[in-house]
Amino acid sequence: MAARMSKVAFAATVGTTIEWYDFFIYGTAAALVFNKLFFPQVDPLIGTLLAFGTSATGFLARPLGAIVAGHYGDRVGRKALLMITLVFMGGATCLIGLLPTYASIGIFAPILLLVLRVIQGFATGGEWGGAALMTVEHAGDKRRGLWGSLITVGIVLGLVIASLVFNLFTLLPDDAFMSWGWRIPFLLSAVLVVIGLYMRLSVAESPEFKKMADRGEREKQPMIAALKEWRSILTIFLIRTAENFSFYIFAAFSLTYVSSVLGLPKTIVLNAVIVAALAECVTSVLFGLLADRIGSKKVMLIGLTIQLLLAFPFFWLLESKSPGLITLALTLGFGLANGAISSVQPDYFARFFAANIRYSGISLGREAATVIGAGLAPVIATALVSWSGASWPVALCMGGTSLLGLAAVILAGNKGDVTSNNELSPLEVSGQVRKA
């Protein structure tokens with residue numbers, strides 16, 4: 001069992017790392033490069049706003065990817081959808097690295113950039129649900145928190161690798177970096193996708209999906225059936241909005257804020273993001289272990305509370321302009337707040353639905369939230385800072401969304417919390433299975 005789970009978890013983590021590397025390098029490039037290369041005719045801050053706007057379109061496409069992947073993931077299987085999303089993501093990322101800029105083809109450059117970002121978003125919308133379910137459904141009821149936390153490790157490692165690669169190429173002279181250096185991180189995706197496909201091909205289909213399919217319990221329209229459990233979808237939506245808004249302030253907007261608004265070298269915040277993300281790789285596993293002892297719901301509440309309390313101090317630490325305090329701010333954001341919230345999502349969210357609608361239910365709730373919580377977060381933050389000349393409106397939004405997440409978990413009651421009935425399988429806990 002342990003050897004099988006290790007193989008499944010490793011394959012899921014590697015694949016997730018690759019897909020999120022692809023997604024995150026776009027956010028990094030949007031913060032540091034795309035405003036100059038694809039929107040050179042406008043004020044730098046407005047160019048950054050437009051660059052983040054193209055980034056946001058990827059998040060707009062994620063709910064559509066969730067609907068399509070959720071349907072087929074519940075009908076055909078988790079494994080097949082994980083292979084498809086990886087190919088779509090890798091192909092779009094490589095093409096971004098080959099795009100001509102505004103100087104070469106004018107307005108068609110940002111249009112093509114937008115199209116490829118939409119494809120990235122579509123693929124990402126189906127990725128997390130499949131990777132999370134492959135892991136926790138193989139794990140059964142033992143160590144679901146631990147094994148599920150490795151999906152968060154994969155996401156964060158994607159961010160670490162993206163930041164490291166971009167940091168490396170920013171060492172080039174500015175002319176070289178702006179002409180060709182920024183393209184290499186995107187083109188490297190081709191190699192990573194081949195590795196990811198090999199890893200995922202070697203893993204068996206989810207045993208819970210196979211059992212459900214063998215019993216003839218597949219839903220004909222799983223997304224429609226999942227929508228009947230709208231309260232569970234809404235709970236996931238609010239939790240994810242809370243988590244994502246702050247996370248993308250930490251991961252994307254902080255790059256622009258520190259380099260463009262505070263006037264510090266961009267390498268300072270890139271290095272801080274790397275340290276903070278590596279810290280989250282460790283804390284995510286620790287929070288996963290804690291969830292196996294006290295329940296994922298309690299860990300979720302801990303994380304959202306930390307995130308709420310951190311909102312204003314986060315910007316105070318950034319505005320100190322001290323590299324050490326900037327690193328501390330991001331480490332607290334990544335390692336404590338996001339580490340707790342994100343690490344338990346595979347276990348916590350999966351328990352809200354029966355196996356035959358689970359991919360659809362968690363994917364829709366989770367990815368719909370990314371439109372507001374993630375895609376618009378850097379755009380909203382940039383606009384608020386441009387309007388006010390200060391960070392407090394952004395911190396207020398971080399605190400407000402965190403409160404919404406806390407309310408959602410509390411109002412959900414015991415839904416998804418199985419600390420008092422661990423002898424039940426995830427299928428039994430989540431409710432009655434509907435037969436097609």
In sequence order, calculated HN-Hα J values of region 145-152 (Karplus, 6.51, -1.76, 1.60; Hz; x Gly/Pro): x, 5, 5, x, 5, 5, 5, 5
Where does the longest stretch of the chain lie that holds no trypsin sites (Lys or Arg not before Pro) found in a DSSP loop with 16 or fewer other Cβ atoms within 10 Å? 1-141
Ignoring ligands, DNA and RNA, what percent of the 1.4 Å accessible area of the chain is carbon and sulfur? 70
Just the number please: accessible area per residue for the chain, 1.4 Å probe, all protein chains included, in Å². 36
Decide, for region 183-265, between rounded, prolate and oblate: order the square roots of the alpha carbon gyration tensor eigenvalues as a ≥ b ≥ c, take rounded if a/c falls under 1.5, and otherwise choose prolate if a/b is larger than b/c, else oblate. oblate
Considering only C-alpha atoms, what is the centroid distance from region 51-127 to region 197-225, in Å? 24
Taking the 0 to 90 degree range and rounding to the nearest ten, how far is the long axis of helix 392-411 tilted relative to the main principal axis of the chain, both from C-alpha atoms? 0
For the chain, with a Gaussian network of springs between Cα atoms less than 10 Å apart, report the residue from PRO100, PRO346, PRO63 with the top mean-square fluctuation. PRO100
Checking the a/c ratio against 1.5 first, then a/b against b/c, what shape does the Cα gyration tensor give for the chain? prolate
Note, ARG75: beta-carbon cut-off 9 Å, +1 each Lys/Arg, -1 each Asp/Glu, net 0
In degrees between 0 and 90, to the nearest 10, how far off the longest principal axis of the chain does helix 296-318 point, with axes built from Cα atoms? 10
Give me the angle, in degrees from 0 to 90, between the Cα long axis of helix 266-294 and the longest principal axis of the Cα atoms of the chain, rounded to the nearest 10. 10
At a 10 angstrom cut-off on C-beta neighbours, averaged per residue, how do the peptides 243-251, 188-196, 271-279 rank from highest to lowest? 243-251, 271-279, 188-196
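The values are calculated or read from the model by the stated rules, or taken from the named source; none is laboratory data. This one's a predicted model, so the numbers in the text were calculated from it and none came from an experiment. Cβ: placed from backbone, ideal geometry, glycine included. Neighbour counts: every protein chain shown. Calculation scope for accessible area: heavy atoms of the full protein, side chains included, ligands and nucleic acids excluded. Shrake-Rupley method; radii C 1.70, N 1.55, O 1.52, S 1.80 Å.
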